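K.L.:
Handing you this structure, nothing more for now.
The values are calculated or read from the model by the stated rules, or taken from the named source; none is laboratory data. Quantities reported herein were computed from a predicted structural model and do not represent experimental measurements. Cβ atoms come from the backbone with ideal geometry, glycine included; neighbour counts cover every protein chain shown.
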Amino acid sequence: MEETDKRPQFGNRLLENVDEVFKHNAWDNVQWDEEQEKAAQEKVEQNSLVTFSDDTLKDLEENADKHWDDFYDIHQNRFFKDRHWLFTEFPELAPDNTSAPCRVYPNDSNVNDIGVQLQNTNIEPSVKRYIFEIGCGVGNTIFPILQYSRDPNLFIYGCDFSSKAIEIMKDNELYDTKRCEVFVLDATTTDWNVPFEENSIDIIVLIFVLSAIDPHKMNGVICNIFKYLKPGGLVVFRDYGKYDLAQLRFKKGRCISDNFYARGDKTLVYFFTQEEISNMFKSAGFLEEQNLIDRRLQVNRGKKLTMYRVWIQAKYRKPL
């Protein structure tokens with residue numbers, strides 16, 4: 001392959017010539033024009049006209065854990081791919097493994113053949129480091145961190161609403177009780193029953209999880225996150241943005257409230273603006289270190305289809 005044909009690093013693949021749109025599987029930071037923004041707004045207005053009945057809304061709320069258990073009963077650990085891209089977007093998760101030339105993970109649909117910088121080093125920090133992932137699912141974030149970080153003082157906690165997801169994760173051969181512990185937790189409850197103290201966690205991971213929570217309960221979740229982080233601790237956040245392809249694809253009758261929907265399998269999803277994320281975290285006392293919108297153009301080169309994704313990525317720190 002010629003030097004000029006090498007794939008740009010993940011996060012830096014910019015579409016400068018529209019005639020080359022089908023050259024790669026994805027393009028980063030694609031700008032929308034006013035016409036595209038208006039079309040997305042009109043689509044959302046249309047699919048929000050019909051909302052659920054009160055009985056259906058009651059079922060969605062009261063049986064939320066059952067709906068997620070059903071989801072994992074069907075998909076097991078096959079639905080999500082490991083999120084190796086996290087090491088590029090959030091190098092704080094594995095600081096001892098982020099300085100090597102790129103390695104490629106072609107089977108990861110989230111990476112789209114894009115390299116991730118990883119390296120084994122002999123760094124052995126003397127201080128114990130704790131990461132806690134809320135909504136860990138079947139381990140698609142925790143297992144890559146355990147696999148590629150060689151920090152002997154790193155310990156990872158994980159929780160999920162679904163007892164089925166936790167069961168699947170514990171059965172995985174990569175699950176190592178010396179390095180991680182996962183448990184069932186409804187993060188929307190006021191008082192968390194967790195195996196660690198307040199002010200004890202270095203990093204809390206919130207990846208495509210807050211969107212699955214009723215908007216009225218989100219502030220409570222963020223306040224508890226603040227409580228359990230160490231002073232100086234960090235939240236890494238990534239989730240669906242308003243006008244993402246997933247929102248535009250909803251049909252009438254799936255809307256619960258503004259930008260909040262129920263999928264066909266009865267799991268819930270909210271689509272955020274940057275301002276909403278900023279306001280929630282700052283109101284809880286966090287300092288904002290990053291809040292960006294990632295408009296990504298995904299491409300099906302075989303079918304010559306383009307798909308616009310909108311994600312919000314952010315980092316918030318608890319003051320010292």
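K.L.:
When the range 178-195 is examined, which residues are found to be among the polar types (S, T, N, Q) and closer than 18 Å to A212 by Cα?
P.N.:
Of everything in the range 178-195, those that are among the polar types (S, T, N, Q) and closer than 18 Å to A212 by Cα turn out to be T188, T189, T190.
K.L.:
Looking at the range 129-173, which of its residues are of a type outside the set (G, A, S), assigned to a loop (DSSP other than H, G, I, E, B), within 22 Å of P95 (Cα to Cα) and modelled with pLDDT under 90?
P.N.:
N140, R150, D151, P152, listed by residue number.
K.L.:
Related question: In the range 163-186, what residues are surrounded by 14 or more Cβ atoms within 10 Å (Cβ to Cβ), acidic (D, E) and more than 14 Å from I134 (Cα to Cα)?
P.N.:
E167 - this is the single residue of the range 163-186 that is surrounded by 14 or more Cβ atoms within 10 Å (Cβ to Cβ), acidic (D, E) and more than 14 Å from I134 (Cα to Cα).
K.L.:
Continuing with the same structure: Could you count how many residues in the range 187-208 are farther than 18 Å from Y240 by Cβ and either assigned to a helix (DSSP H, G or I) or not β-branched (V, I, T) (or both)?
P.N.:
Matching residues across the range 187-208 total 10.
K.L.:
Please give the strands (runs of 3 or more DSSP E) falling wholly within the range 209-320 in which 3 or more residues are of a type outside the set (A, V, I, L, M, F, W, C) and at pLDDT below 95.
P.N.:
287-300, 305-317
K.L.:
Here's something else I'd like to know. Considering only the range 52-82, state which residues are surrounded by 17 or more Cβ atoms within 10 Å (Cβ to Cβ), at pLDDT 65 or above and not in a helix (DSSP H, G or I).
P.N.:
F52
K.L.:
Could you figure out which of (1) in contact with a Gly (Cβ under 6 Å, 6 or more places away or on another chain); (2) crowded, with 20+ Cβ neighbours inside 10 Å isn't true of D202?
P.N.:
Among (1) in contact with a Gly (Cβ under 6 Å, 6 or more places away or on another chain); (2) crowded, with 20+ Cβ neighbours inside 10 Å, D202 violates only (2).
K.L.:
Among the candidates Y243, Y270, single out the residue that is crowded, with 22+ Cβ neighbours inside 10 Å, of a type in the set (S, T, Y), over 23 Å from Y316 (Cα atoms) and touching a helix residue (DSSP H, G or I) at 6+ places or on another chain (Cβ under 9 Å).
P.N.:
Y243
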